[in-house]
Every structure is written in structure tokens, then in C-alpha cells.
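The values are calculated or read from the model by the stated rules, or taken from the named source; none is laboratory data. For clarity, every value in this text was computed on a predicted model and none was experimentally measured. Cβ coordinates were reconstructed from backbone atoms using ideal geometry, including for glycine residues, and neighbour counts include every protein chain displayed.
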Amino acid sequence: MSNIKIEQLSFGFDTQNHLLFDQADLVIDTQWKLGLIGRNGRGKTTLLKLLQDQLPYSGTITHQQAFVYFPQPVADPQQLTYDTLQDLCDFEQWQIERELNLLQLDPDVLWRPFETLSGGEQTKVLLALLFIDEEHFPLIDEPTNHLDITARAHVAAYLKRKKGFIVVSHDRHFVDEVVDHILSIEKSRLVIYQGNFSVYEEQKQRQDQFEQEQNVKLKKEIGRLKQTAAEKAEWSRGRERDKLGSPTKKGSGAVYDTGAIGARAARTMKRSKAIVKRMEDQAQVKEQLLKDIEYIDPLSMNVKATHHKVLLRVENLQLTYEQPLFDPLNFTIEAGDRIGILGANGSGKSSLVAGLLGHFTGTVTGSVWMPQHLSISRVRQNYEDNRGTLTEFAESHRLDYQELLNNLKKLGVERNVFQTRIEDMSMGQRKRVELAKSLATPAELFIWDEPLNYLDVFNQNQLAEVIQLVQPTMLIIEHDRHFLDQVSTQQFLLGHTDLARP
């Protein structure tokens, strides 16, 4: 057994006015399976880089095992997958085939060019490489990208068999399945919780509630101490005036007395000032006990009232390129319904959205009916056409500019990003612009295609909470089963057996 030990770790980027980590301390047992969580932009990927000594920092990071990072950079994707993997790590063929079998992936993929593999297949072969050499400690950054529900289950089952790694994933259900500890970035600290994400969330909620209640009590006590100190100080100033008397009245005040009154007044003032000092010191101590709790503000969603009972009716809908994507579909969305659509990669989920909105470029048979002038708000998978400043963007989409900014800020986009052109933002920030646009668009029906991409678990909770609160009518395509369980009224699996309940 070995440890990873972090002592007095401090790091911040020059472009930020605060430290991501400020004298953080941590000890990790390398047998632990850790889920690394924290709000977007708080340093998850940065911490993985610090562990690999890729960024300068102050403090010390001590470890006996070398780190290995996923996803590994692939120099020549045109090579056979076997040769691509050999460039990254030495192994025997039987070793990689063993790992691929555990991942439910046919070893024949080794003899295909890497670039011809699907995103899910590429993920699996690169993951398999991590655990061939047991002397390394894997750092796994977003393994669920490009994975459908079935592939996520394969990878989760695989990681459950393994010991010792740190994984970053926005898929809460996946993290719940594979980890036994949570490493949480809280403000500029690193905090370990024993258990999976659900256990962490329960512990964290209890802790935050307790600290919030303590803060309320402390603030009341601080207010009382400060008020008492102010009253004592005012009384002391009054005694001082009595002692000195009026500057316009000769012979007034204790300084003209025989000495007894003046001495008594001086002693009283001394005691009073000591009380004031003690009260102020106590208030300062109480203020230092106040916890710096991180609050996550609720989002707003611009749901437009509808007088329609049925908002969408689909009859015998079939979409075809060279072959039909799925069997003919029949379903209805009524006001208040929130339909969750699941399905394997390539099953036609995004094509279904295109078909519903009249954008499908292949052959369409069957019918799609919506009321005339139905207002629809979308979250798209591809949003590269979002461009310009946020001011221009709000004007062109007729959005309330302040509502757009408020939701962006609540989603964790820093204010200094607001002046950046959308096309120059990071992919995570651009996703939040797409999402904030949909939230601010007045609509009777919301159609969201994989809204959780690039969102951390805290953002996901924000979305779930606002949907549960305002109860819009929605069609949601999403791989994350936990999210759909929270927000949907019905769930269906898209495949070649029509829409079936999973």
C-alpha cells in the first residue's frame, strides 16, 4: 500500500484574481477509487495536471507510483489500433485482449485503423491500456464522453473490478457505481469523503445545513456583542464629557473637583473601555468562526402558458437514409408531459429531433402534428453557429439580456467571460450559452438534445430543480438515466421495436 501526499499546495492562473488551491493538504490511499468533483472551472483538470507535474506550483506532492492519464494523446490515428496502443505503452497481446474482453469489446478492433473506431470503441481501447501496468495510478478524465447507456454500463462494470484511480465524470450515476471515495474541491480546499456520490451528497447537505444554522446563530451573537460594545462606548464617552465638563462653563466637570469624583470617573471609564475591548474581541473571534459556505443559486426558466392539450402528435414516423433508422414511431406529448428518450449511439435520437422539426435531410414517412404557432425552445448538440458578443446574441434571439446573464452566472460562468465573443469561449462556456438561451426563451414546449454535455453535477442538480419547480412540457434526449429519473414523467427507449419503456 502506498499514498499520494499533498502538502500546502497553492496554485492559481495569472488571468484569475484568486487561487484555485490555497495551502491545500491531502493524503490519498492508492487503493482508493476516487471520484473527483467540483464546479466547472474550479480546478479538476488542473489538479490532474498538477499531480503529473505539468504546471508550476508551491507546496509538495509526494507519490511512489507514476501517474498515467486518460485520454492519452494519439499521434497517428491512421495506424492500426494495436500499433497506436504500442506507441503509448509496452504490452503483450494477451494483456490487451484480456482487458478488451472485460470491457465487452471484440479484440478484432486491434486490427482496424484507430480513426475508424467509434468514439465509444476508442474510449474503451484507451481505458484498457490504463490497467495493463499495475504499477501506475490512473487519472481518468471524462471517460463517459461518447458512451451510450450500454457502453457506460460496460465501463462502469470494468472499473468496479479495478483498484486505485481518480475519475472525473459528469455522469452522477456512473460515479455512484464505480467509486468508494469522493475527492471534493471546495473553494480552494481539497476534502475527502468516504463513500460514493450519493453518500457524499447526503453528508454534504447535512454539513452545509448545520454550518448554515451555526452561521445564523453566530451572526446574531456578533450583532449582540457589537451593539453592547457600541452602547458601552457611548456610555464611556458620556462619562468622559461629565469628567471634563462644558468648555463654556467655568468650574464644571470632575477635573475641577477635589479629586475623589475624578478618580472614581477614571476608574469607571477604564472598566468600561475594557468591556468594550472584550466585546469587540469576542465579536472578532465569532466572525472568524463563520463558515464560507458556497451557495448555488436556482436557475430561472421562461415557461409560457399554453391553452393546448396536445402539443405534439407523431403517427407512423419513420426516418430513412439508406436504411430506416428505426421502426415507425407513434407517440403523443400532452401539456405537462416530460418525455425522456434513451437509446444507443446511432439509434437515431438526434435525427428524431430533426424529423420532428422538419430539418431531417433523408426520407420522412408518417406525420408530425403540432399546433400552429407553437413556441419551442431548444438545446442543440451542435451550437457552433452561436457567435458574437452576448449583447448581440441576446438581441438577435430577442432574449432578456439580464436574464441571460443571470443564468450564465448561476451556471458558473465568470463575469470576466461576459465580454468574450461566444466563438472564443471554451466548449463548456459555449454549452452554457446554448442552455441559458433556452432557459430564457419563452416557450410552451422545450426540446433538449443531450443538455448535460459539459455540465458538472452541480449544474445538473440546478437543471433538475428548476424543471421540478416549474414543470414545463419537454422532450429530453439524454444518456444520463439518473437525470431522467429526476425530471421525466415517462421514459422511452428508441430502437427497432418502436418506442418502448426501458
Scanning the stretch 104-118 residue by residue, those under 18 Å from LEU80 (Cβ atoms), within 31 Å of the chain's Cα centre (by Cα) and of a type outside the set (A, V, I, L, M, F, W, C) turn out to be GLU115, SER118
If I filter the stretch 450-461 for residues that are under 28 Å from LEU312 (Cα atoms), touching an Asp or Glu at 6+ places or on another chain (Cβ under 7 Å) and surrounded by fewer than 21 Cβ atoms within 10 Å (Cβ to Cβ), do I get at least one hit?
yes
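How about the stretch 1-27: which of its residues are over 12 Å from SER188 (Cα atoms) and part of a strand (DSSP E or B)?
Initially, the stretch 1-27 is screened for residues over 12 Å from SER188 (Cα atoms), giving 1-7, 13-17, 26-27.
Within the stretch 1-27, ASN3, ILE4, LYS5, ILE6, GLU7, LEU26, VAL27 meet the criteria.
Of HIS154, HIS173, HIS146, which residue is assigned to a helix (DSSP H, G or I) and in contact (Cβ under 8 Å) with a residue 60 or more places away in the chain?
Going through HIS154, HIS173, HIS146 in turn, the sole match is HIS173.
Which of the residues that make up the stretch 28-64 are part of a loop (DSSP other than H, G, I, E, B) and either farther than 17 Å from HIS181 by Cβ or of a type in the set (Asp, Glu) (or both)?
Taking the stretch 28-64 and keeping what is part of a loop (DSSP other than H, G, I, E, B), we get 30-32, 38-43, 52-57, 64.
Within the stretch 28-64, ARG39, ASN40, GLY41, ARG42, GLY43, GLN52, ASP53, GLN54, LEU55, PRO56, TYR57, GLN64 qualify.
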Take the residues of the stretch 74-91 that are within 36 Å of the chain's Cα centre (by Cα) and part of a helix (DSSP H, G or I): which is surrounded by the fewest Cβ atoms within 10 Å (Cβ to Cβ)?
ASP87
So which pairs qualify, if the first residue must be in the stretch 7-18 and in contact (Cβ under 8 Å) with a residue 24 or more places away in the chain and assigned by TED's automatic domain parsing to the domain that holds GLU186, the second must be aromatic (Phe, Trp, Tyr) and surrounded by 12 or more Cβ atoms within 10 Å (Cβ to Cβ), the Cβ gap must be under 8 Å, and the two must be at least 6 apart or on different chains?
LEU9/PHE21; LEU9/TYR57; SER10/PHE21; SER10/TYR57; PHE11/PHE21; PHE11/TYR57
Residues located in the stretch 330-349, provided they are modelled with pLDDT of 90 or more, among the aliphatic types (A, V, I, L, M) and either surrounded by 20 or more Cβ atoms within 10 Å (Cβ to Cβ) or not assigned by TED's automatic domain parsing to the domain that holds PRO451 (or both)
ILE333, ILE339, ILE341
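Pick out, from the stretch 336-429, the helices (runs of 4 or more DSSP H) lying fully within it that include 2 or more residues that are within 20 Å of LEU455 (Cβ to Cβ) and among the aliphatic types (A, V, I, L, M).
Values: elements: 349-356, 390-396, 401-410.
Fully inside the stretch 336-429 and qualifying: 401-410.
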Exactly one of these conditions fails for GLU434: (1) assigned to a loop (DSSP other than H, G, I, E, B); (2) under 18 Å from VAL379 (Cα atoms). Give me its number.
(1)
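Specify the residue that is farthest from PRO77 (Cα to Cα); the eligible residues are those in the stretch 102-120 that are in a helix (DSSP H, G or I), touching a helix residue (DSSP H, G or I) at 6+ places or on another chain (Cβ under 7 Å) and not small (Gly, Ala, Ser). Step through it out loud before you land on a result.
Our first condition is that a residue be in a helix (DSSP H, G or I); within the stretch 102-120, this holds for 102, 107-111, 114-116, 119-120.
Now narrow it down to the ones that are touching a helix residue (DSSP H, G or I) at 6+ places or on another chain (Cβ under 7 Å): 102, 107, 109-111, 114, 120.
Narrowing the set further to residues that are not small (Gly, Ala, Ser) leaves 102, 107, 109-111, 114.
Values: LEU102: 24, PRO107: 17, VAL109: 13, LEU110: 12, TRP111: 13, PHE114: 5 Å.
Taking the candidates together, the pick is LEU102.
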Test for GLU465: is it surrounded by fewer than 19 Cβ atoms within 10 Å (Cβ to Cβ), at pLDDT 90 or above and not assigned by TED's automatic domain parsing to the domain that holds THR144
yes
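I need the full set of residues from the stretch 105-138 which are among the β-branched types (Val, Ile, Thr) and surrounded by fewer than 19 Cβ atoms within 10 Å (Cβ to Cβ), in order please. Explain how you work it out, then say what you get.
Here is the first cut: in the stretch 105-138, the residues among the β-branched types (Val, Ile, Thr) are 109, 116, 123, 125, 132.
Selection gives THR116, ILE132.
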Residue under evaluation PRO451, criteria (1) part of a loop (DSSP other than H, G, I, E, B); (2) over 22 Å from LYS44 (Cα atoms), criterion not met:
(2)
Please pick out the residue among LEU439, LEU411, LEU352 that is buried (at least 21 other Cβ atoms within 10 Å of the Cβ), farther than 29 Å from PRO328 by Cβ, of a type outside the set (S, T, N, Q) and at pLDDT below 95.
LEU411
Which one of the conditions (1) in contact (Cβ under 8 Å) with a residue 24 or more places away in the chain; (2) surrounded by fewer than 16 Cβ atoms within 10 Å (Cβ to Cβ) does ARG224 fail to meet, given that it meets all the rest?
(1)
Scan of the stretch 176-205 for residues that are basic (Lys, Arg) and assigned to a helix (DSSP H, G or I), ordered by number:
LYS204
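Would you check if there is a residue in the stretch 121-133 being in contact with a Ser or Thr (Cβ under 7 Å, 6 or more places away or on another chain) and part of a helix (DSSP H, G or I)?
Initially, the stretch 121-133 is screened for residues in contact with a Ser or Thr (Cβ under 7 Å, 6 or more places away or on another chain), giving 125.
Within this subset, residues satisfying the condition of being part of a helix (DSSP H, G or I) are 125.
Within the stretch 121-133 (the criterion being in contact with a Ser or Thr (Cβ under 7 Å, 6 or more places away or on another chain) and part of a helix (DSSP H, G or I)), the answer is yes, since at least one residue qualifies.
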Hey, can you tell me all the residues within the stretch 139-157 that are surrounded by 22 or more Cβ atoms within 10 Å (Cβ to Cβ) and over 22 Å from the mean Cα position of the chain (by Cα)?
ALA151
Just wondering, is there one or more residues in the stretch 468-485 that are in contact with a Phe, Trp or Tyr (Cβ under 6 Å, 6 or more places away or on another chain), of a type outside the set (A, V, I, L, M) and either in the same structural domain as LYS44 (by TED's automatic domain parsing) or part of a helix (DSSP H, G or I) (or both)?
no
Could you please let me know if GLU213 is surrounded by 16 or more Cβ atoms within 10 Å (Cβ to Cβ) and either at pLDDT below 90 or outside any strand (DSSP E or B) (or both)?
no
